[in-house]
Amino acid sequence: MKLRYLLGMTFAVGLIGGCSTDYMDFKGGNFVQFSSSAEEVYTFAYFSSEKQKDTLNIGIMSIGEVVDYPRTIRFEQVTKEWEYTYDAEDPNKVVDSVYVDMKFPAVKGVHFEAFGGENNELILPANQNEIKVKIVVKREDESLRTEARKLELRLLPSDDFRTGVPKNIVKKITISDKLERPTIWKDTDYTCSIYLGNWSEVKHRFMIDVTGEKWDNDFIKVYIKTGYQPTPEGRFLLQKIKKELEKYNADPANNPPLMDENGHEVVFP
């Protein structure tokens with residue numbers, strides 16, 4: 001029988017049912033996929049040194065029947081990635097690619113606590129169609145201050161499930177102890193380009209120091225990307241940052257202007 005299932009939205013609590021605004025057709029069978037294809041970026045840089053661990057809740061949902069017995073979800077950690085070579089005259093044109101070992105893969109026991117047992121298996125309880133996998137990320141590796149680590153998980157077929165939508169069977173997680181670019185702050189995003197400009201670690205740190213706010217995904221969604229323009233609070237903070245940058249650049253003791261880690265002057269639109 002051909003059934004239509006509603007996919008995609010991850011709820012914020014425990015084990016619950018999933019739904020979405022996107023539809024997809026499945027002809028029989030049971031499938032499993034991550035509730036969201038969005039990349040997760042976690043950094044300890046926002047917190048004091050006392051915070052050495054934190055927990056990420058990653059949703060996995062089933063598509064198909066909800067049954068009265070537990071089922072097994074299998075996964076693996078991906079430790080390879082594609083490395084691309086681009087055309088010298090056209091930087092957007094790929095001329096070659098090779099599948100190589102990741103330069104900075106997350107290491108189990110060092111950057112995250114083991115989960116899923118020896119066989120990398122999770123259990124979807126009876127009468128449920130979603131679980132929240134608790135992934136404990138760790139700060140102890142001092143190299144996280146200079147190089148972020150990648151934890152990439154890929155779902156695999158099991159006796160109970162086939163894998164679902166291709167883009168949702170892989171979850172990419174960045175673990176870091178330095179400021180990382182918020183995934184919502186993109187050069188191609190109209191609002192961010194108009195009000196924030198290009199991202200850099202130095203610029204981001206300056207904004208945090210001036211305002212006391214994180215300027216992470218959650219903050220930008222609430223105060224900057226609320227429509228065609230930021231909220232009054234967001235506009236106030238942006239003006240405050242610009243004034244402080246003017247003061248910084250006016251002081252010869254700072255060896256102005258303020259430059260970022262890429263050798264570019266820090267500016268705001």
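Brief remarks on what is shown
- Hits in segment 215-244 - residues which are in contact (Cβ under 8 Å) with a residue 24 or more places away in the chain, surrounded by fewer than 17 Cβ atoms within 10 Å (Cβ to Cβ) and part of a loop (DSSP other than H, G, I, E, B): Y228, Q229
Yes/no matrix, rows are residues, columns are (1) in a loop (DSSP other than H, G, I, E, B); (2) surrounded by 11 or more Cβ atoms within 10 Å (Cβ to Cβ):
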{"residue": "M61", "(1), (2)": "no, yes"}
{"residue": "E81", "(1), (2)": "no, yes"}
{"residue": "V98", "(1), (2)": "no, no"}
{"residue": "F115", "(1), (2)": "yes, yes"}
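- Test: I135 is surrounded by fewer than 15 Cβ atoms within 10 Å (Cβ to Cβ), of a type in the set (A, V, I, L, M) and within 14 Å of F75 (Cβ to Cβ): no
- Residue in segment 197-214 that is assigned to a helix (DSSP H, G or I), closer than 30 Å to Q77 by Cβ, out of contact with any strand residue (DSSP E or B) (no Cβ under 9 Å at 6 or more places or on another chain) and modelled with pLDDT of 95 or more present: yes
- Of the set (1) without any contact (Cβ under 8 Å) to a residue 24 or more places away in the chain; (2) hydrophobic (A, V, I, L, M, F, W, C); (3) open to solvent by less than 30 Å² (accessible area, probe 1.4 Å), all apply to A250 but (3).
- Residue pairs meeting the criteria (Cβ under 9 Å; at least 6 apart or on separate chains; first among the small types (G, A, S), in segment 129-153; second open to solvent by 30 Å² or more (accessible area, probe 1.4 Å)): S143/F104; S143/R149; A148/V41; A148/F104; A148/K178; A148/E180
The values are calculated or read from the model by the stated rules, or taken from the named source; none is laboratory data. What you are looking at is a predicted structure, and each value in this text was computed from that prediction instead of being measured. Neighbour counts are summed over all protein chains in view; Cβ atoms, including those assigned to glycine, are modelled from backbone coordinates with ideal geometry. Note: areas computed on protein heavy atoms with side chains; ligands, DNA, RNA excluded. Shrake-Rupley method; radii C 1.70, N 1.55, O 1.52, S 1.80 Å.
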